[in-house]
Amino acid sequence: MVRPLFRGSRLGLETAAAQALEALGPRLGFELAYRAGPVVDAHQAEATARAALAQGLDLLLVQQVTFATGEVFLPFFELPLPLGLWALPEVWEGGPLPQNALCGLNLGVSLAQRPAKWFYGRPEEEWFQRRLELTLTALRGVRVLREGRVLLLGGHAPGFFAFSALPETGLRVERAELSELWTALAEVDEEEVRGRVQALEELSEYAPEELLQSVRLELALERLAQGYDGVALREWPEVPERLGIMPYAAMARLADLGYTLAAEGDVMGLASMLALRALSGKPALLLDIAHLSPKGLTLWHGGEAPRVWAAGPTRLAPHFNRRLPAVRDMALKPGPVAGLRLLPGRRAAVYGGHLTGEKGYEGDSGHLTRPTWAAQPLTPRQFLASWLNHRLPHHLALGAGVLEPALLEMCAWLGLEVLPPQPEEERLVW
């Protein structure tokens with residue numbers, strides 16, 4: 001936006017800023033895919049907004065070179081695009097005010113009726129880069145939750161009624177019956193099964209022949225997962241009753257290959273995992289809160305975690321309860337983690353903490369310490385109280401790294417209400 005009345009409109013500031021922004025792209029992982037000419041009035045703003053919409057952008061940065069009045073902003077506010085409002089600093093101090101861009105930014109954000117993030121500074125400045133990098137990270141989660149496609153295979157596990165909820169962000173959910181899994185199993189190539197079993201390098205309590213059915217299931221699920229961002233699977237009771245195995249080792253090996261699978265038909269958990277993967281660039285986990293002790297909150301699940309999460313060697317072992325083959329037994333590696341639980345009614349829980357690296361129960365497990373909730377520090381007991389007081393479903397999705405700031409911004413872009421902590425430990429909360 002350029003207002004010719006201001007001296008700053010004639011200094012070529014927009015050209016220099018665009019060149020600097022383009023040079024920043026490779027480091028922050030974005031492409032400057034569209035660049036408009038200067039916009040001086042509402043008519044030009046309308047034409048530019050239409051042109052920008054046609055580009056399929058993930059983020060539109062509207063740069064204020066100088067002050068602009070409200071009618072120039074309005075066409076951009078109407079676009080169904082994430083919008084950034086960016087003011088350039090003044091080129092000199094004292095004398096005639098050259099741009100008045102910061103004041104124009106103030107005017108613009110005061111008029112916004114939907115999420116729009118402000119930016120201030122030059123592309124070379126650290127503050128500008130930190131804010132932009134955070135937004136780019138958040139928008140990767142926005143993209144998958146708005147445009148992704150997942151498969152719900154078999155519905156949710158029996159009695160797990162909370163898992164019947166579906167995302168309200170635009171993520172497309174397609175359904176298939178378990179009969180499609182049985183068909184895919186019957187069509188698995190036995191030579192491929194034996195080749196994959198022979199290639200296993202993981203410690204195992206089973207002879208290769210005892211893992212053939214697990215690998216058959218792995219190949220069948222891999223076939224069904226093609227073309228989807230993830231699969232929510234009803235893996236019990238039908239799989240162990242029909243096949244005589246537990247599916248978790250198969251799910252774990254598929255996670256090693258880059259697939260995202262959620263247990264027990266938990267589509268909201270799957271969507272949360274996909275967002276965490278998009279933000280972190282690494283696989284996400286779905287876990288239960290199993291125990292509270294002086295070590296922290298024990299997080300656990302049946303044994304479907306990828307090896308990238310392992311604190312040390314992993315092994316294929318019997319299921320803790322049914323004693324059927326096979327699950328991946330491993331401790332979750334130490335380090336910072338963050339989590340997301342998408343909820344009905346366009347709500348979400350955002351949390352974080354640190355894993356200690358110490359193993360808990362059989363399967364994939366670890367201890368969460370120094371927990372946070374919506375970036376607020378809590379004790380482990382306060383975290384547990386908040387989870388239960390909000391009556392959240394019993395799957396906790398977890399991603400690797402310090403992701404809470406990006407998760408909170410992602411929720412803002414999506415219009416999701418982030419639940420505050422509710423750490424009341426004594427009275428009934430309803």
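A single entry from Leu217, Leu224 fulfils the requirement of being part of a helix (DSSP H, G or I) and either closer than 17 Å to His301 by Cβ or under 24 Å from the mean Cα position of the chain (by Cα) (or both): Leu224. Applying the set (1) over 22 Å from Glu238 (Cβ atoms); (2) buried (at least 16 other Cβ atoms within 10 Å of the Cβ); (3) out of contact with any Phe, Trp or Tyr (no Cβ under 8 Å at 6 or more places or on another chain) to Phe163 leaves exactly one unmet item: (1).
Within the stretch 377-398, restricting attention to residues that are free of Cβ contacts under 8 Å to residues at least 40 places away in the same chain and in a helix (DSSP H, G or I), the residue that is surrounded by the fewest Cβ atoms within 10 Å (Cβ to Cβ) is Leu388. Quick check on the stretch 78-97. Is at least one of its residues open to solvent by 60 Å² or more (accessible area, probe 1.4 Å) and either in contact with a helix residue (DSSP H, G or I) (Cβ under 6 Å, 6 or more places away or on another chain) or within 30 Å of Glu417 (Cβ to Cβ) (or both)? Scanning the stretch 78-97, I find at least one residue that is open to solvent by 60 Å² or more (accessible area, probe 1.4 Å) and either in contact with a helix residue (DSSP H, G or I) (Cβ under 6 Å, 6 or more places away or on another chain) or within 30 Å of Glu417 (Cβ to Cβ) (or both), so the answer is yes. Just a yes or no: is a residue in the stretch 44-61 of a type in the set (S, T, N, Q) and loosely packed, with under 14 Cβ neighbours inside 10 Å? Yes, that holds for at least one residue. Of all residues in the stretch 3-40, those satisfying the criterion of being more than 19 Å from Phe128 (Cα to Cα), in a helix (DSSP H, G or I) and either in contact with a strand residue (DSSP E or B) (Cβ under 6 Å, 6 or more places away or on another chain) or open to solvent by 90 Å² or more (accessible area, probe 1.4 Å) (or both) are Arg7, Arg10. Taking the conditions (1) surrounded by fewer than 24 Cβ atoms within 10 Å (Cβ to Cβ); (2) in contact (Cβ under 8 Å) with a residue 40 or more places away in the chain; (3) not hydroxyl-bearing (Ser, Thr, Tyr) in turn, Pro306 satisfies each one other than (1). Reported count of residues in the stretch 168-179, each being open to solvent by 80 Å² or more (accessible area, probe 1.4 Å) and either in contact with a strand residue (DSSP E or B) (Cβ under 7 Å, 6 or more places away or on another chain) or within 20 Å of Pro208 (Cα to Cα) (or both), is 2.
The values are calculated or read from the model by the stated rules, or taken from the named source; none is laboratory data. Since this is a predicted model, take the numbers as computed values, not measurements. When we count neighbours, we look across all protein chains shown, and the Cβ atoms used for this are built from the backbone with ideal geometry, even at glycine. Side chains are part of the model used for accessible areas, which takes the heavy atoms of the whole protein and leaves out ligands, DNA and RNA. Shrake-Rupley method; radii C 1.70, N 1.55, O 1.52, S 1.80 Å.
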